[in-house]
1. Taking B:Gly236 and the conditions (1) surrounded by fewer than 23 Cβ atoms within 10 Å (Cβ to Cβ); (2) assigned to a loop (DSSP other than H, G, I, E, B), which numbered condition does it fall short on, given that it satisfies the others?
2. Among the residues of segment B:205-244, write down those that are under 14 Å from the mean Cα position of the chain (by Cα), of a type outside the set (A, V, I, L, M, F, W, C) and under 18 Å from B:Arg288 (Cα atoms).
3. Of all residues in segment A:129-165, which are acidic (Asp, Glu) and farther than 25 Å from A:Met243 by Cβ?
4. Starting from residues that are farther than 18 Å from B:Leu203 by Cα and in contact (Cβ under 8 Å) with a residue 12 or more places away in the chain, keep the ones in segment B:144-168 and report whichever is surrounded by the fewest Cβ atoms within 10 Å (Cβ to Cβ).
5. Determine which member of the set B:Gly199, B:Gly166, B:Gly219, B:Gly195 is part of a helix (DSSP H, G or I), within 12 Å of chain A (Cβ to nearest Cβ) and not hydrophobic (A, V, I, L, M, F, W, C).
6. Please state which of the following conditions A:Asn363 fails to meet, knowing it meets all the rest: (1) out of contact with any Leu (no Cβ under 7 Å at 6 or more places or on another chain); (2) on the phi < 0 side of the Ramachandran plot; (3) surrounded by fewer than 24 Cβ atoms within 10 Å (Cβ to Cβ); (4) assigned by TED's automatic domain parsing to the domain that holds A:Tyr153.
7. Applying the selection to segment A:154-201, what residues are buried (at least 24 other Cβ atoms within 10 Å of the Cβ) and in a loop (DSSP other than H, G, I, E, B)?
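The values are calculated or read from the model by the stated rules, or taken from the named source; none is laboratory data. Everything quoted here is computed from the prediction, not taken from an experiment. Note that each Cβ is placed from the backbone with ideal geometry, even for glycine, and that neighbours are counted across all protein chains shown.
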Amino acid sequence: MRRTVGVAAASAAVVLVAGCGGGGPQSGGDQKLTGDKIVLGVLNDQSGAYSELSGKNSVTAVEMAIADFTAKYGDKAVTKDITVETADHQNKPDVANSKAQEMYDRKGVDLILDVPTSSAALKVADVAKEKKKLYFNIGAATTDLTGKSCNKYTFHYAYDTYMLANGTGKTTTEQIGKNWYILYPNYAFGQDMEKSFSTAITAAGGKVVGKDGAPFPNTSGDFSTFLLKAPTLNPKPDVLGTMQAGAELVNVVKQYNEFKLRDKGVGLAVGLMFLTDIHSLTPAALAGTTYTDAWYWNFDAKNREFADRFQQKAGTRPTFAHAANYSAALQYLEAVQAAGTDDADAVVKGLEGKTVEDVFLRNGKIRAEDHRVVHDAYLAQVKPQSEVAEPWDYVKVLKTIPAAEAFRAPSADCKL
Amino acid sequence: MSGFAQNTFNGLVSGAFYALLALGLAVIFGMLRVVNFAHGAFYMLGAFGAYVLLTEAGVPFWAALVIMPVGLGLLGMALERAVIHRLTRLDPLYNFLLTFGLTLILQDLVKLRYGVQSSPYATPSLLSGTVNFGLFDFPTYRVFILGFAVLLCVAVWWVLTRTRIGMVVRAATERPDLTRAFGIDVGRWVTPVFGFGIGLAGLAGVLAAPMRAVNPLMGADLIIVVFAVVVIGGLGSIFGSVAAGFGIGLVQAWGEAYLSNFPIVSQTIVFIVMAVVLLWRPAGLFGREEAPA
């Protein structure tokens, strides 16, 4: 819709008129923004396991979005007073709950962004619903955000368990092998991933010959029992699918290599992996592993241009979560600009059903039915060390999964 | 059969880490009556030190295996002299709080510099293959860890039982007041023993670097199990800590392999064992009951 500034300005004017005609809840008449400013809140893990894949660098990404927005509209911008509030939710649902309330009520936050960890993400969705304020989730994977826990003010932006399972499960079954052994951390996220993968594998004509829930957190750090079991199953699995994340994923992969499972004919597929995980493990440890990525920094010139700017500010290459935070903040500001107000209901109205194209969202569409933001996803493979030409360029994209196929159809459980 | 042997072997490898850490905790507790909560942090420093030495100075694994335990042992001695020593006469809770605070500081300092993401550390090339045991293949590195840990435990046992220093340490561990009465300067041995315990933790950390995720929280996760091990073995019992270390490694591995249909049991088995042992023998398997006053 907004490929040119002209179109953008025209549509902005239309929505602006519509917004005014509808008569917003504001009584001030001229005052279109609460407090004459926009406040974006980044609520995520700033010191724990997920602080590198999103964390403080997500704040940097949001600041970049504000700078780009201000540069684009200049004096025509709805306001120049756009600030960022941040808080650390420590991946704890109760902390996320109270921080979200504090952000909306006392810090004047118009939009909460990010919120990794599914259990915490769901809590914040409840708060957004209650306060009638906007919430773009980026960091969490659970499909419940657009399923039974969906609501009018919550949008799920970057990825979800269905996207991961559908991409990796289906393609790996078709291209590498039909028989799977699934190893998952035995808690909400892992169980959800296991179900999504099993469904995708079976649908693609594959078979799950074995699955095990490993203790979570795995205090001993040892996964060898499961790794030893894999090649002894009958029929022998072609693929070990690991759903572990972060440091546990590192442990599984290190031990997978130690027991030389690849030499024994058991390939490796990873449920959820971020660029930072590959960096930790080194491409050598993961060479040939396939996984589904929501975005990759060196995919094309546009991504690379963003990644270069990001690196100047953050000192590292962006993960897909960073790019998604940038995109989400930018699209929110565009929506406010178009609506001429930060009134949540008016902004939601402008967002629903909108097609969007930016550095993160390719063929993007904000679904009105369940607020799932759909976009192209990518089946990626880790390069062998010898092909890594520059730092952080660890992946080649095997195939683009079109937006229409990448995400599930709107769920019947979701009633906005 | 080969499955059982492999799981047993793995349990012993996990147990080797528990044993090395528990042994250090046991000698420190015995000599100083200090429950060293910072033990996990020194284990982490051992692994991180190996990583930093390799990436910043190109120091290989084998050199790190010597440098880190010695370096951390010296750091431990300095720490004992500087702070821990001052609190030993007070309620044990003070040193508990001190070492706990120290853990948080050390973890966050490492986090500040290296972040929470795990750092890569490759297995030394000499040990990267597998050994064929007839029934099954096993990673060479794991065989090395097991052999090395057993040797080390035997060496410590030999020093403690066959040398004069060992006799002093054992005597001072069991009855410090009586040992002093015999004219032996117990205080002289406190600092080196503390350093030795810390050195063992650092050594375990270096050994863990190639096979575990190297990150600031790696020790915090492990130390909880190690405390259970020490309690099961009997607080302050040197033999007990080693035996319980290997034993718990085995129980955990077998639990994961054969009780996987009961995840609740296999995940908590260490603490179930601990509860049962405490009910049956409140001083631990090899601990001596305190004589009623």
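1. (1)
2. B:Gly233, B:Gly236, B:Ser237, B:Gly240, B:Ser241
3. First, pick out the residues of segment A:129-165 that are acidic (Asp, Glu): A:130, A:144, A:160.
Scanning segment A:129-165 gives a single hit, A:Glu130.
4. The extreme case among them is B:Ile165.
5. Working: B:Gly199 fails: within 12 Å of chain A (Cβ to nearest Cβ); B:Gly166 fails: within 12 Å of chain A (Cβ to nearest Cβ); B:Gly195 fails: within 12 Å of chain A (Cβ to nearest Cβ).
Going through B:Gly199, B:Gly166, B:Gly219, B:Gly195 in turn, the sole match is B:Gly219.
6. Just one mismatch for A:Asn363, condition (2).
7. Result: A:Tyr157, A:Ala158, A:Tyr159, A:Asp160.
So that you can scan it fast, the table gives a plain yes or no per residue for (1) within 14 Å of chain A (Cβ to nearest Cβ); (2) surrounded by 21 or more Cβ atoms within 10 Å (Cβ to Cβ); (3) within 21 Å of A:Asn257 (Cβ to Cβ):
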residue: B:Asn95; (1), (2), (3): no, yes, no
residue: B:Leu104; (1), (2), (3): yes, no, no
residue: B:Gly115; (1), (2), (3): yes, no, no
residue: B:Leu127; (1), (2), (3): yes, no, yes
residue: B:Arg142; (1), (2), (3): yes, yes, yes
